[in-house]
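Colleague: To start, I am sharing the structure in question, which I have written as structure tokens.
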Amino acid sequence: MSAWRAVPGGLMLAVRVTPRASRDALGPGTEEHLAARLAAPPVEGAANAALVALVAKTFGVPKRDISIEGGETSRLKRLLIAGDPDLLAQRAASLYGAAP
């Protein structure tokens, strides 16, 4: 699986999370996932909440349009972003430096 793929009604995104970073950042990782650095600790869902907020801000969607579909307690997570799949895929590609 690539770092993202279009699904009906949105985009499925694979993310590798590094908690307790100095600041929040979402950027290119490997071909299989994006890399998210979060200042929040992995305690009581704080890192998951910070990840949802960061992805929402990066992709320009409300937090309610993002759900964690897999890996809730793992570093590797799958997120579903609801919205226009083509537009969301363009924003994901732009994180890797591809032209939007």
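Every read-out reported here was derived from the displayed coordinates using simple, explicitly stated rules and does not represent laboratory data. These numbers were taken from a predicted model, which means no experiment stands behind them. Cβ: placed from backbone, ideal geometry, glycine included. Neighbour counts: every protein chain shown.
Colleague: Under 7 Å by Cβ, and 6 or more places apart or on different chains, what pairs join a residue from segment 5-34 that is in contact (Cβ under 8 Å) with a residue 40 or more places away in the chain and surrounded by 12 or more Cβ atoms within 10 Å (Cβ to Cβ) with one that is aromatic (F, W, Y) and assigned to a loop (DSSP other than H, G, I, E, B)?
Modeller: Final answer for the pair search is P28/Y96.
Colleague: For segment 46-62, which positions are more than 11 Å from the chain's Cα centre (by Cα) and over 13 Å from E72 (Cβ atoms)?
Modeller: Matches in segment 46-62: G60, V61, P62.
Colleague: Also: Restricting segment 59-86 to residues that are among the aliphatic types (A, V, I, L, M) and surrounded by 14 or more Cβ atoms within 10 Å (Cβ to Cβ), which is nearest to A46 (Cα to Cα)?
Modeller: I68
Colleague: Out of all the residues in segment 26-57, which are over 11 Å from V15 (Cβ atoms) and touching a helix residue (DSSP H, G or I) at 6+ places or on another chain (Cβ under 8 Å)?
Modeller: P28, A39, A40, P41, A53, A56
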